[in-house]
């Protein structure tokens, strides 16, 4: 009778041979045709823009927000986007960081109504104060979908953080609506073709429809490109209101470490200055 070790060796060789034959068989078989995916062919990547908050060369350091641009972006949001999208994570008093005065912030807040309870305990509304947050456009997702024909307009407070390359993506998306649809792309009548959207077809109608749609308070030309650029910058601020503080802290930490390293090196040189190496 063969020994058990020989049986194990023979079994291992058979298993290895079957594995090798299977791999070789798979390698010589013709590959199945990959289904055509119009999204891979027509999807566009965001246009890269030199944003002031990214600093020189878009390196991400030493950059600061353009306050005038943020105020224009807020105006575009209020006059265009706020009809469907909320920024419920932003409080009115946060707008002080955009360069508005206390009186201006109070006036902006007072133009909104927020839910409240009256003296008899009944639900009512009242003018918002600086301590309130921007109110929700719809009470809940079900109400939003019912009003938008099944589509759900997301809250925009963190939208630029929720999308890769969010600031550039949002700007490109707003400018990316196209009337001509490639023959390979299937577009339902209820959707709009936008090659910057992940599925090419988006439920949101073009929000920035024409030049002069928003008349800027500071006299900046009212072009669609300016609208998209300014509101994208504003929504970057809503997602990262402490961006400048974070950068300042990072620069200060790097400067401290450089100074500490220099002092450590000088101390090392002084301590070992009079110590001679032993002769060989």
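Descriptive notes on the structure:
- Helical runs (DSSP H, four residues minimum) scored at -39500 (n - 2.57) apiece and divided by the length of the chain put the mean residue ellipticity at 222 nm at -13500 deg cm²/dmol.
- Distance from the alpha carbon centroid of segment 4-24 to that of segment 168-202 works out to 55 angstrom.
- Of 201, 54, 245, the one that fluctuates the most in a GNM where the chain has Cα springs shorter than 10 Å: 245
- For segment 146-280, the relative contact order is 24 percent, taking Cα pairs closer than 8 Å that sit 6 or more residues apart in sequence and dividing their mean separation by the residue count.
- Most fluctuating residue given options 44, 240, 104, as computed from a GNM of the chain linking Cα atoms under 10 Å: 104
- Where labels lie 7 Å past Cα in the beta-carbon direction, separation of residue 79 and residue 45 in nm: 3.5 nm
- Shape call, segment 141-280: gyration tensor on alpha carbons, a/c limit 1.5: prolate
- Scoring 177-190, 159-172 by mean Cβ neighbours within 10 Å over their residues and listing the highest first yields 159-172, 177-190.
- Mean sequence separation of contacting Cα pairs (under 8 Å, at least six apart), scaled by the length of the chain, corresponds to a relative contact order of 21 percent.
- Kirkwood radius and radius of gyration were both taken over the C-alpha atoms of segment 66-206, and their ratio Rg/Rh is 1.04.
- For residue 275 and residue 246, a Förster radius of 45 Å and the Cβ-Cβ distance give a FRET efficiency of 0.55, rounded to the nearest 0.05.
- Tensor-based shape of segment 1-119 (alpha-carbon gyration tensor, a/c under 1.5 rounded, otherwise prolate or oblate): prolate
- Among 235, 96, 156, the largest mean-square fluctuation in a Gaussian network model of the chain (Cα springs under 10 Å) belongs to 96.
- 129, 236 arranged by Cβ crowding within 10 Å, fewest neighbours leading: 129, 236
- In the set [x] 19.3, 57; [y] 30.2, 100; [z] 18.3, 54, the label that goes with Rg and Dmax of the Cα atoms in Å computed for this structure is [y].
- Mean separation of Cα pairs under 8 Å and 6 or more residues apart, divided by the residue count, gives segment 63-196 a relative contact order of 21 percent.
Values quoted throughout were computed directly from the atomic coordinates according to the rules given, and no laboratory measurement underlies them. This one's a predicted model, so the numbers in the text were calculated from it and none came from an experiment. All Cβ positions, glycine included, derive from the backbone under ideal geometry; neighbour counts span all protein chains shown.
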